[in-house]
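Participant: Quick one: structure below, then a few questions.
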Amino acid sequence: MELLKKRILEVGIVASNQVLKLDAILNHQVDPELIMEMGKEFARLFRETKPDKVLTVESSGIPIAYTTALQLGVPMVFARRKKTLTMDQDTYSERVPSFTKGIVTDIMVSSHLLSKGQRILLIDDFIANGDAARGLIRIVEKAEAELVGVGIVVEKLFQNGGKSIRERGIRVESLARIASLDNGQITFD
Ligand code: 5GP
């Protein structure tokens, strides 16, 4: 997506040769128009797969999953990272290593929000090693729902996440593919 790549070059901060900060548009401040364009693009890519729901994990996945769901005319569910007092006791939960926090966290979805046979589209902001996506995929599997694909805003090709999920026969679409962050430079594929 050319507009996204242009904005990444304008505002992206290379924190290390592994991590790109997009706090100006995605991970802290949100650019509503750009996020809407991403939602349109994911909807265009995945509409034919007929998703019943869009699933993401809080917090940075939420705006993108929301605009995608809005364009597709379906609900959006976000996996929570903390159990709340109001949350159902009956949840699907998975333990996933967090790439940016360097710790292991639990992600959970109330079981009544995912049903057997429902067609689920996963959306997230970044894919690095693929742990977050694999955790969400396991939740979809536990619910006996059907995964129709995975949409990622930024795929870092020098990490293995996207590749490992594609190798399982799952369709992964990314809007910007980064080949390298070496020497403080953002190099697209
Ligand atoms: P993975 O689980 O694929 O290793 O990492 C994906 C998760 O870690 C994403 O949900 C995202 O929040 C975070 N993440 C991974 N790489 C980056 C990065 O380069 N920049 C930012 N801002 N977040 C990242």
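Participant: Which ones in the stretch 30-62 are within 16 Å of the ligand (Cβ to nearest atom), over 19 Å from M1 (Cβ atoms) and not hydrophobic (A, V, I, L, M, F, W, C)?
Facilitator: Scanning the stretch 30-62 gives E58, S59.
Participant: I want to confirm something. Restricting to the stretch 164-182 and keeping residues that are touching a residue at least 40 places away in the same chain (Cβ under 8 Å) and farther than 12 Å from I152 by Cβ, which single residue is surrounded by the most Cβ atoms within 10 Å (Cβ to Cβ)?
Facilitator: That would be L181.
Participant: Okay, next question. Being exposed (fewer than 15 other Cβ atoms within 10 Å of the Cβ), under 18 Å from the mean Cα position of the chain (by Cα) and farther than 14 Å from L121 by Cβ narrows it down to one of S93, S59, so name that one.
Facilitator: S59
Participant: Hey, E146 hits all of (1) surrounded by fewer than 13 Cβ atoms within 10 Å (Cβ to Cβ); (2) over 27 Å from H28 (Cβ atoms); (3) at pLDDT 95 or above but one; which does it fall short on?
Facilitator: Every listed condition holds for E146 apart from (1).
Participant: Let me ask another. I need a count of the residues in the stretch 5-29 that are polar (S, T, N, Q), within 9 Å of the ligand (Cβ to nearest atom) and over 17 Å from S180 (Cα atoms). Steps first, please.
Facilitator: Filtering the stretch 5-29 down to residues polar (S, T, N, Q) leaves 16-18, 27, 29.
With the extra rule that they be within 9 Å of the ligand (Cβ to nearest atom), the set shrinks to 16, 18, 27.
Subset that is over 17 Å from S180 (Cα atoms): 27.
The number of residues fulfilling the criteria is 1.
Participant: Counting just the residues of the stretch 4-32 that are closer than 13 Å to F188 by Cβ and without any contact (Cβ under 8 Å) to a residue 60 or more places away in the chain, which one comes out surrounded by the most Cβ atoms within 10 Å (Cβ to Cβ)?
Facilitator: R7
The values are calculated or read from the model by the stated rules, or taken from the named source; none is laboratory data. All of these numbers come straight from a predicted model, not from anything done at the bench. Cβ atoms come from the backbone with ideal geometry, glycine included; neighbour counts cover every protein chain shown.
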